[in-house]
Amino acid sequence: MQSRPRARHAAFSLAASLSLFVAPAAALAQGSFAGLATPVEKLKVARDFKVELLHTVPKDQQGSWVSMCVDPKGRLIVSDQYGKMYRLTPPPIGASSALGIEALDIPVGQAQGLLYAFDSLYVMVANEAFQGRGLYRVRDTDGDDKFDEVKLLRKLSGGGEHGPHAIVASPDGKTLTIVSGNQCKVTDLDGSRVPMDWSEDHLIPRLWDGNGFMKGVLAPGGWIAKTDPDGKTWELQATGFRNEYDAAYNRDGELFTFDADMEWDMNTPWYRPTRVNHVVSGAEFGWRSGAGKWPAYYADSLGAVVNVGPGSPTGVTFGYGAKFPAKYQDAFFISDWSYGKLYAVHLKPEGAGYTGALEEFVSGSPLPLTDLVVNPKDGAIYFAIGGRKTQSALYRVTYAGKESTAPSSGIKGGEKDRATRHRLESFHGHADPNAVKEAWPYLGSRDRNLRFAARVALEWQPVDSWRERAIAEKEPIASMHALLALARSSSRDAFHRKPTDPAVDPALQGRILASLDRIAWARLNDAQRLDLIRVTSVALTRLGRPDDAAIHKLAAKFEPQFPAPGRELNAELAPMLAYLEAPSAATKVMAAMMSAPSQEEQMDYARALRVLKTGWTPELRKAYFEWYLRAASFRGGASISGFLRDMKNDAIATLSADEKEQLKPVLEAKPVVKKPLETLLANRTTVREWKVNDLAPVLAKGLQHRNFARGRELFGAVGCYNCHRFATEGGAVGPDLTGIAGRFNARDLLESIIEPSKEVSDQYAPIIATLKNGDSVVGRVANLNDETIQIATDMTDPGNFTNLKRADIKSIETSKLSPMPEGLLNTLKEDEILDLAAFLMSRGDRADKMFR
């Protein structure tokens, strides 16, 4: 489970993709919340599948189960988060017999990872219990079917819910794969496939979390490693996760995981949704503490196979061995604890990597999924709910339809590209005289995974063997990635450097910057321009601040490019101009901030401007600090107000004493906090109460030649960005509208906005919790802790929730009303509505794919 002290939120709800996933919750009888698991009739299940509730866990006796595995006899082994482990014998499918339960009388438990392999039970203890946090091996040495030997193989440092997690059998049949969150320090290593030169790589000073969470914790974040069955030798495989709880290999030996978001970051520009990652050799996924998380498009990291949205990732598995139709045997099943979702991710090979499509397989409210397994003995999926001392239970999923359940032949495609990537990955972790020759042609590949694998291979080779080739490379894409490798590999003390420190090797840095200067901005697409900015930034952060002449030259290069047409480009150019103290930075970035349609974009610019010392006029300074008075009404995760506070304080620190005195009235002014929609719509007047039929005739003519830029502005003006993500920006409490054009036509889209409650299915509706005292709470079950259910009640305010005691709830029923406000389009003119629709139908998924 992830750290979830804050609730999630109900938002825009209707018609499939335009709905925030809210599980069904028909009326429950009085007292049904006390000590009982969610009944199966209240679950939403994929067509032709059946769910059985096998066991409701008595909390006072058996705790709350969070991890699970299958032994060779088809029995399940489960662990209470804070107590014992149990061995379960499932009844035959269709039988009425009870689940067999046996408490394991061994001095180990509290496991957040379990695996039966190599004739042993492997246990990952995440808390400081027994012999300490770490990897244990448990054996039956005399063959009496009772475990009698417990051995600590490797003690690990740092843990809890962000500590060491899953243990996975590696496809080589010789090793174990270990999954650890970002509070578990990397253990002593015997080898690594990740270059051991990781750093923070922030061009301007980082903002730590607004509430101080994990302040001071540096890279590499969550990590995945391999070890032998005795836990003696360890090799690092990948880094940069936040808190991935589990992982699984597909038939081709490719590893996938489901990584966590930081819900306190919601509605900030650095929020990253929960996402499925393809864990390739040497991977870096860019988690950095606070606001320092790398965007998915950074050249020295890898993006997501599929973004899922807000949630709390727990157990995962592939469907291999399940007696399911082929589509589900090949699916990657992922569990979301906080929202009660079991997704089937349908992967599709794309080049040397994969893309994915989400399907909601099982959902409930509440349904805090913790772990799941396929039992090869009966072909069923078993999943547990529980965690944090909440009500726990065990369920079984079987297929009851008519499709064939014969073993799948697998997913075809991408074999050649993956083979190329594997060849490049064979050079990871060691020097090889053939590596540079083999890797170099792929530095300029159109395939991001091949570029990444080639660069990592290069970084493992002696720099002297390829430095001059990197400097001389003329092909722009290959040049950028070779120079990125050179900057990273030439700064082994990067952990201890600041961007303002003098250059380590001024001559080398100058040569790198000169080579980058040969690359013509005008000839690059937006993704390549982002790479150019990133490589330049890494050369500056890794090798130090260059002399004034170099700074002025860089300013002359990047200053004319701002503002750029692309949102992501501006997000990277603004801090670059601030770092360079570009003469027009204050004027240009302030203008962009004042006109930005989303709070995320505004915060991006304010964050960059907070460290800018030159180019300010008194008017600009005053306008900058007045922005914080308006930003006080921003809503988001629990840390947003702290981030804004720290940004303002950083900016105040750049003022002289005279400036502080002149600005004292605005610096000390108290903001008038308003609700987001109240603030956004305050200056807008009603044009018309629009009906779908009013717009149908013009929609029938199509949306060609519309103003997409104005559509984006209107997406912010009427509050859409508060809740919805589009491409790489926007809030996360509502559904991601990226690629909505692939699922809806323009009329259906506008109908869902104008009449949000016209069709609200059980699957997507919020709930009404009626209390025994007669009060009611409307919202979404977002989090659970022991006997408390947290209800998110305001779609525009991700920090606002209500705690309900289970014993106080009389009933829960599905609301027939969407939480999306009506009338959002009534302040728009007809041509504005058409521009907004055109923007939404503009296939924002293309932008998303650029950075995957």
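The values are calculated or read from the model by the stated rules, or taken from the named source; none is laboratory data. None of these values were measured; they are calculated from a predicted model. Glycine gets a Cβ as well: all are built from the backbone with ideal geometry, and neighbour counts include every protein chain shown. Keep in mind that these areas ignore ligands, DNA and RNA; they rest on the heavy atoms of the full protein, side chains included. Shrake-Rupley method; radii C 1.70, N 1.55, O 1.52, S 1.80 Å.
Less than 5 angstrom separates the built amide H of V279 from those of L255, F256, T257, all sequence-distant by 5 or more or on a different chain.
On a 20 Å Cα-Cα criterion, which of the cross-link pairs K675/K816; K293/K670; K215/K293; K613/K664; K44/K772; K155/K232 come out too long? The answer is K675/K816; K293/K670; K44/K772. Give me the tail of P(r) for segment 259-352 as a percent: Cα-Cα pairs with distance above 16 Å. That tail contains 61 percent of the Cα-Cα pairs.
Ranked highest first by the average count of other Cβ atoms within 10 Å around their residues, in what order do 258-264, 195-201 fall? Each step should come with its number before you reach the end.
Details: 258-264: 27.6, 195-201: 18.9.
Taking the mean over residues of other Cβ atoms within 10 Å, the ranking is 258-264, 195-201.
Can you pull the percent of Cα pairs in segment 522-666 with separation above 18 Å? Pairs farther apart than 18 Å: 58 percent. 3J(HN,Hα) couplings calculated from phi for segment 695-705 with the Karplus curve 6.51 cos²θ - 1.76 cosθ + 1.60 (θ = phi - 60°) are, in sequence order, 9, 4, x, 6, 5, 4, 7, x, 10, 6, 6 Hz; Gly and Pro show x. Where q = 0.12, 0.18 Å⁻¹, what log10 of I(q)/I(0) comes from the Debye formula for segment 354-465, counting one point per Cα? Evaluating at q = 0.12, 0.18 Å⁻¹ gives log10 I(q)/I(0) of -0.73, -0.89. So for segment 315-433, taking the charge dipole from beta-carbon charges (+1 Lys/Arg, -1 Asp/Glu), which of G319, F333, Y382 sits furthest toward the positive end? Highest projection toward the positive end goes to Y382.
Pair-distance distribution P(r) for segment 298-337, from all Cα-Cα distances in 10 Å bins starting at 0: 24, 38, 30, 7, 0 percent. With the highest mean first, a sort of the peptides 440-452, 158-170 on other beta-carbon atoms found within 10 angstrom per residue produces 158-170, 440-452. Using R₀ = 41 Å, calculate the FRET efficiency as 1/(1 + (r/R₀)^6) where r is the Cβ-Cβ separation of H552 and V673; round to 0.05. The computed FRET efficiency comes out at 0.45. One equal scatterer on each Cα of segment 180-260, no solvent, Debye formula: the resulting log10 I(q)/I(0) at q = 0.15 Å⁻¹ is -0.64. Dipole magnitude for the chain: computed about the Cα centre from +1 point charges on Lys and Arg Cβ and -1 point charges on Asp and Glu Cβ, it is near 880 debye.
For the chain, the equivalent ellipsoid derived from the Cα gyration tensor has semi-axes of 42, 36, 25 Å, listed largest first.
Ranking L516, L358, I754 by Cα position along the charge dipole of the chain, where only Lys, Arg, Asp and Glu carry charges on their C-beta atoms, puts I754 farthest toward the positive end.
For segment 282-420, how big is Rg over Rh, using alpha carbon atoms and the Kirkwood form of Rh? Computed over Cα atoms, the ratio is 1.01.
Looking at segment 205-287, the trypsin sites (Lys or Arg not before Pro) that sit in a DSSP loop and have at most 11 other Cβ atoms within 10 Å of their own Cβ are K215, K232. What does the charge add up to near G401, with Lys and Arg as +1, Asp and Glu as -1, over the other residues with Cβ less than 13 Å from its Cβ? That works out to +3. Relative to the current alpha-carbon distance between D658 and T617, full extension at 0.36 nm per residue lengthens the span by 13.4 nm. The charge dipole of segment 185-272, taken about the Cα centre with unit charges on the Cβ atoms of Lys, Arg (+1) and Asp, Glu (-1), comes to about 160 debye, rounded to the nearest 20. Give the shape of segment 53-102 as rounded, prolate or oblate, defined through the alpha-carbon gyration tensor: a ≥ b ≥ c are the square roots of its eigenvalues, a/c under 1.5 means rounded, and otherwise the shape is prolate if a/b is larger than b/c and oblate if not. Judged from the Cα gyration tensor, segment 53-102 comes out oblate (a/c at least 1.5, b/c at or above a/b).
Under a 5 Å amide H cut-off, with hydrogens placed 1.01 Å from N, G100 pairs with T89 among residues at least 5 apart or on other chains. Each residue of segment 299-313 was assigned a 3J(HN,Hα) from its phi angle through the Karplus expression (A = 6.51, B = -1.76, C = 1.60, θ = phi - 60°), giving 5, 9, 9, 10, x, 9, 5, 7, 7, 9, x, x, x, 9, x Hz with x at Gly and Pro.
Directionally averaged projected area (segment 63-155, Cα convex hull): 6.1 nm².
Here the Karplus relation 6.51 cos²θ - 1.76 cosθ + 1.60, evaluated at θ = phi - 60°, turns the backbone of segment 377-387 into coupling constants of 6, 10, x, 9, 9, 10, 9, 10, 10, x, x Hz, with x for every Gly and Pro. Summarising the amide proton neighbourhood of T738: residues at separation of 5 or more, or on other chains, whose placed amide H is nearer than 5 Å comprise A727.
Spatial offset of segment 681-732 relative to segment 827-843 amounts to 4 Å, using the alpha carbon center of each. Rounded to the nearest 0.05, the FRET efficiency derived from the C-beta distance between A520 and V463 at R0 = 30 Å is 0.65. For trypsin sites (Lys or Arg not before Pro), the sites in segment 620-705 that DSSP calls loop and that have at most 16 other Cβ atoms within 10 Å are K674, R684, R688, K691, K701.
Of the two radii for segment 101-202, the radius of gyration is 1.03 times the Kirkwood radius, both from the alpha carbons; that is the Rg over Rh value.
Assign one of three labels to segment 617-692, namely rounded, prolate or oblate, based on the Cα gyration tensor with a ≥ b ≥ c the square roots of its eigenvalues; rounded applies when a/c is under 1.5, prolate when it is not and a/b is larger than b/c, and oblate otherwise.
Prolate shape, in that a/c is at least 1.5 and a/b is the bigger ratio.
Projected label points at K348 and R747, each 7 Å from Cα along the beta carbon direction, are separated by 2.7 nanometres.
Direction-averaged projected area, Cα convex hull, segment 244-314: 4.9 nm², rounded to one decimal.
To put it simply, the accessible area of the chain at a 1.4 Å probe is 50 percent carbon and sulfur. Cross-link partners of K389 among lysines, defined as those whose alpha carbon lies under 16 angstrom from its own and excluding same-chain residues fewer than eight positions apart: K59, K84, K805.
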